[in-house]
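> What follows is a structure written as structure tokens; I'll ask about it next.
The values are calculated or read from the model by the stated rules, or taken from the named source; none is laboratory data. Model, not experiment: these values are computed from the prediction. As a convention, Cβ positions derive from the backbone with ideal geometry for all residues, glycine included, and neighbour counts pool all protein chains shown.
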Amino acid sequence: MADTPRYSYLGPAGTFTWEALTQVPDAEKGEWVSVNNVGEALDDVQQGRSDYAMIAIENSIEGGVSATQDALAVAPELRMVGEYMVPVRFVLATAPGTAMSGVTTVAAHAVAYAQCRTWLETTLPQHHHVPAASNVQAALSVVDGGLADAAIAPPGITEQAAVEIIAENIGDNPDAATRFVLVQKGGKAPARTGADKTSIIAELPDDRAGGLLEMLEQFATRGVNLSLLESRPVGDSMGRYRFVIDLDGHIDDERVADALMGLRRFSPNVIYLGSYPRANGHVPSVSQHNSDEAFAEARAWISRLRDGSADTA
């Protein structure tokens, strides 16, 4: 890794991805590389142009970011090493002097547009949506004579673009948040903290009744809670799906490692995306029979039986 690490992120400065990157310890000492989309950020890491990529992985309203999930599914060498939460707030920005009555077109990133749809349809029922690579880019395009009269943008947009805010808090859900992850190429997982998350992608071996249940049993029987389970099409034939899974715990936790071994035997393709500290610091409740000590004692018991030793337990 270079003396000055490089971080790729969906830019320009001021986006929610940029805000997530400000939460990374020591990131201010690195070089920040603005890119146009998630695929470009991940490719920077894969090709060695950047050491890290900050990418959006899940939104509390829209769910998993499908473009990110699909990109990670074909890049098994990438590893998530950190998780960051950013509250999502939106404003409507225009070129100075533009009134609400003069807005007929609104530029916005697709995800942001979906989260403001109710407000827009109520306030500007005749408007048209102009897609943008990011919400900051949408605002910049408004003052640069783009195709839109207004833009959905983050609250601090006036620091990035010479716009005027004509409406605040236009999001449909005031509690909306986006989860971001920091990704690197390969490497060991961050040390276990006790408040960790592990992300994987797995495929079912075939399309049959009970297949998904059998996959989920790999986690249930080890007491491993799932915080995310989403399906994405594999793409090689109709009806074939892979599952994006977040689970409570770290790969160094015995129950998690045992569940992953069970899944590996069951699934034809398991992609380990990484184990990393949870952003909210949540420590999962683990029953005694699923503790590290319980797994260690069970292995020791098997070893004694195999060695022909007396079972004194």
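> Looking only at residues that are in contact with a strand residue (DSSP E or B) (Cβ under 8 Å, 6 or more places away or on another chain) and not in a strand (DSSP E or B) in the stretch 21-36, which one is surrounded by the most Cβ atoms within 10 Å (Cβ to Cβ)?
Leu21
> Please go through the stretch 134-162 and pick out each residue that is among the hydrophobic types (A, V, I, L, M, F, W, C), under 21 Å from Val86 (Cβ atoms) and touching a residue at least 40 places away in the same chain (Cβ under 8 Å).
Scanning the stretch 134-162 gives Val136, Ala139, Leu140, Ala151, Ile152, Ala153, Ile157, Ala161.
> Can you tell me which residue within the stretch 263-293, out of those that are over 29 Å from Arg240 (Cα atoms), charged (D, E, K, R) and free of Cβ contacts under 8 Å to residues at least 40 places away in the same chain, is surrounded by the fewest Cβ atoms within 10 Å (Cβ to Cβ)?
Here the answer is Glu293.
> Here are Gly11, Gly64, Gly82: which of them is within 14 Å of Val136 (Cβ to Cβ), in contact (Cβ under 8 Å) with a residue 60 or more places away in the chain and buried (at least 19 other Cβ atoms within 10 Å of the Cβ)?
Details: Gly64 fails: within 14 Å of Val136 (Cβ to Cβ); Gly82 fails: within 14 Å of Val136 (Cβ to Cβ).
Just a single option satisfies the conditions, and that option is Gly11.
> Hey, any hits in the stretch 15-22 for a residue that's under 19 Å from the mean Cα position of the chain (by Cα) and of a type in the set (A, V, I, L, M)? So that I can check it myself, show each step before the final result.
So in the stretch 15-22, the residues under 19 Å from the mean Cα position of the chain (by Cα) come out as 15-22.
Adding the requirement that they be of a type in the set (A, V, I, L, M) leaves 20-21.
Yes; the residues of the stretch 15-22 include at least one that is under 19 Å from the mean Cα position of the chain (by Cα) and of a type in the set (A, V, I, L, M).
> Next question, about the same structure. Applying the selection to the stretch 255-281, what residues are more than 16 Å from the chain's Cα centre (by Cα) and closer than 21 Å to Leu42 by Cβ?
Taking the stretch 255-281 and keeping what is more than 16 Å from the chain's Cα centre (by Cα), we get 255-270, 281.
Those that are more than 16 Å from the chain's Cα centre (by Cα) and closer than 21 Å to Leu42 by Cβ: Asn269, Val270.
> Mind counting the residues in the stretch 90-105 that are surrounded by fewer than 18 Cβ atoms within 10 Å (Cβ to Cβ) and in contact (Cβ under 8 Å) with a residue 24 or more places away in the chain? Explain how you work it out, then say what you get.
Within the stretch 90-105, the first condition is being surrounded by fewer than 18 Cβ atoms within 10 Å (Cβ to Cβ), and the residues that meet it are 96-102, 104-105.
Narrowing the set further to residues that are in contact (Cβ under 8 Å) with a residue 24 or more places away in the chain leaves 96-100, 102, 104-105.
The number of residues fulfilling the criteria is 8.
> Among the candidates Glu121, Glu77, which residue alone is acidic (Asp, Glu) and within 20 Å of Ala41 (Cα to Cα)?
Working: Glu121 fails: within 20 Å of Ala41 (Cα to Cα).
None of the other options fit; the residue is Glu77.
> Test each condition in (1) under 16 Å from the mean Cα position of the chain (by Cα); (2) surrounded by 17 or more Cβ atoms within 10 Å (Cβ to Cβ) for Ala108 and report the one that comes out false.
(1)
> Select from the stretch 171-193 the residues that are part of a strand (DSSP E or B) and charged (D, E, K, R) and write down the one among them that is farthest from Ala73 (Cα to Cα).
Our first condition is that a residue be part of a strand (DSSP E or B); within the stretch 171-193, this holds for 177-185.
From the residues that got through so far, the ones that are charged (D, E, K, R) too are 179, 185.
Working: Arg179: 18, Lys185: 14 Å.
Residue satisfying both the conditions and the ranking: Arg179.
> Among residues belonging to the stretch 156-209 that are among the basic types (Lys, Arg), more than 21 Å from Ile61 (Cα to Cα) and surrounded by 14 or more Cβ atoms within 10 Å (Cβ to Cβ), point out the one that is nearest to the chain's Cα centre (by Cα). Give the derivation first.
From the stretch 156-209, those among the basic types (Lys, Arg) are 179, 185, 188, 192, 197, 208; that's our starting set.
Now narrow it down to the ones that are more than 21 Å from Ile61 (Cα to Cα): 185, 188, 192, 208.
Retained after the next criterion (residues that are surrounded by 14 or more Cβ atoms within 10 Å (Cβ to Cβ)): 185, 192.
On the way: Lys185: 16, Arg192: 20 Å.
Going through the qualifying residues, I end up with Lys185.
> Please determine whether any residue of the stretch 222-229 is in the same structural domain as Ile201 (by TED's automatic domain parsing) and without any contact (Cβ under 8 Å) to a residue 24 or more places away in the chain.
Step one: filter the stretch 222-229 for residues in the same structural domain as Ile201 (by TED's automatic domain parsing), giving 222-229.
The next check asks that each one be without any contact (Cβ under 8 Å) to a residue 24 or more places away in the chain; those that pass are 226, 229.
For the stretch 222-229, residues in the same structural domain as Ile201 (by TED's automatic domain parsing) and without any contact (Cβ under 8 Å) to a residue 24 or more places away in the chain: present.
> Evaluate the stretch 86-101: report whether one residue or more is part of a helix (DSSP H, G or I) and either assigned by TED's automatic domain parsing to the domain that holds Arg192 or in contact with a helix residue (DSSP H, G or I) (Cβ under 9 Å, 6 or more places away or on another chain) (or both).
As a first pass, look at the stretch 86-101 and keep what is part of a helix (DSSP H, G or I): 100-101.
Right, trim to either assigned by TED's automatic domain parsing to the domain that holds Arg192 or in contact with a helix residue (DSSP H, G or I) (Cβ under 9 Å, 6 or more places away or on another chain) (or both) and you get 100.
Yes - at least one qualifying residue is present in the stretch 86-101.
> Also: Only residues that are under 17 Å from Val270 (Cβ atoms) and touching a Phe, Trp or Tyr at 6+ places or on another chain (Cβ under 8 Å): list them for the stretch 213-244, please.
Glu214, Met215, Gln218, Leu226, Leu229, Glu230, Ser231, Arg232, Val234
> Still on this structure, please answer the following. Scan the stretch 276-313 for residues that are in contact with a helix residue (DSSP H, G or I) (Cβ under 8 Å, 6 or more places away or on another chain) and either at pLDDT 90 or above or of a type in the set (A, V, I, L, M, F, W, C) (or both) and jot them down.
Val286, Gln288, Asn290, Ser291, Asp292, Ala294, Phe295, Ala296, Ala310, Ala313
> With the structure loaded, tell me whether Ile157 is assigned to a strand (DSSP E or B), in contact with a helix residue (DSSP H, G or I) (Cβ under 9 Å, 6 or more places away or on another chain) and among the β-branched types (Val, Ile, Thr) or whether it fails that test. Before you say what the answer is, go through the steps one by one.
Numbers: assigned to a strand (DSSP E or B): no; in contact with a helix residue (DSSP H, G or I) (Cβ under 9 Å, 6 or more places away or on another chain): yes; among the β-branched types (Val, Ile, Thr): yes.
No; evaluated as a whole, the condition is false for this residue.
> May I pose another question? Which count do you get for residues in the stretch 43-77 that are touching a helix residue (DSSP H, G or I) at 6+ places or on another chain (Cβ under 6 Å) and in a strand (DSSP E or B)?
Here the count works out to 4.
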